[in-house]
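Notes follow the structure.
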């Protein structure tokens, strides 16, 4: 396994392929099929008020093939926080510890950037994802939220995890 930063020009086709390999999640999240526009969105999207150029975009490679991606922005929901906007694994890469490995890389880099807390949102419909995040030490900090992605509006729950000893998880962030 190798984890490295992704380049918007050199790695775009690989990210497009990853989205095809994770079409089940795209349908769950968006209610639509994959498209090349998702790769563009991966490289340009960021949390509200965060400059996309400052976001971390990582790829997890297994035997040279892109098996997972992660995007993490800094400064949301509050100054200093890190926000994992997307972590996505190919269907055939799930359940073998690769998600935890990619998450460790995100956490390490967020810690190196001084973020005391890592936040994310999990779709209410993504029960397997919620179980993963709970196993990885995330706790619910805000419920009753909703989001519209693609053709779907659905419930989400914000979760957080302290990255440094003594960091406080505020329940309304």
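Count, please, the residues in the stretch 16-55 that happen to be in a loop (DSSP other than H, G, I, E, B) and either more than 17 Å from residue 83 (Cβ to Cβ) or without any contact (Cβ under 8 Å) to a residue 40 or more places away in the chain (or both).
Count: 14.
If we keep just the residues of the stretch 108-124 that are assigned to a helix (DSSP H, G or I) and in contact with a strand residue (DSSP E or B) (Cβ under 6 Å, 6 or more places away or on another chain), which is nearest to residue 146 (Cα to Cα)?
Result: 110.
Looking only at the stretch 83-107, filter to residues that are in contact (Cβ under 8 Å) with a residue 60 or more places away in the chain and not in a helix (DSSP H, G or I); which one of those is farthest from residue 63 (Cα to Cα)?
If we take residues in the stretch 83-107 being in contact (Cβ under 8 Å) with a residue 60 or more places away in the chain and not in a helix (DSSP H, G or I), then 88 is farthest from residue 63 (Cα to Cα).
Return the only residue of 70, 46, 91 being closer than 27 Å to residue 114 by Cβ and modelled with pLDDT under 95.
Answer to the selection: 46.
Can you work out which of the residues in the stretch 16-37 that are touching a helix residue (DSSP H, G or I) at 6+ places or on another chain (Cβ under 6 Å) and over 22 Å from residue 128 (Cβ atoms) is surrounded by the fewest Cβ atoms within 10 Å (Cβ to Cβ)?
Only one residue tops the list, namely 36.
Would you be able to tell me the number of residues in the stretch 125-163 that are surrounded by 15 or more Cβ atoms within 10 Å (Cβ to Cβ), in contact with a strand residue (DSSP E or B) (Cβ under 6 Å, 6 or more places away or on another chain) and not in a strand (DSSP E or B)?
5
The values are calculated or read from the model by the stated rules, or taken from the named source; none is laboratory data. Please read these numbers as outputs of a predicted model, since none were measured by experiment. Heads up, the Cβs are rebuilt from the backbone with ideal geometry, glycines too, and the neighbour counts pull from every protein chain shown.
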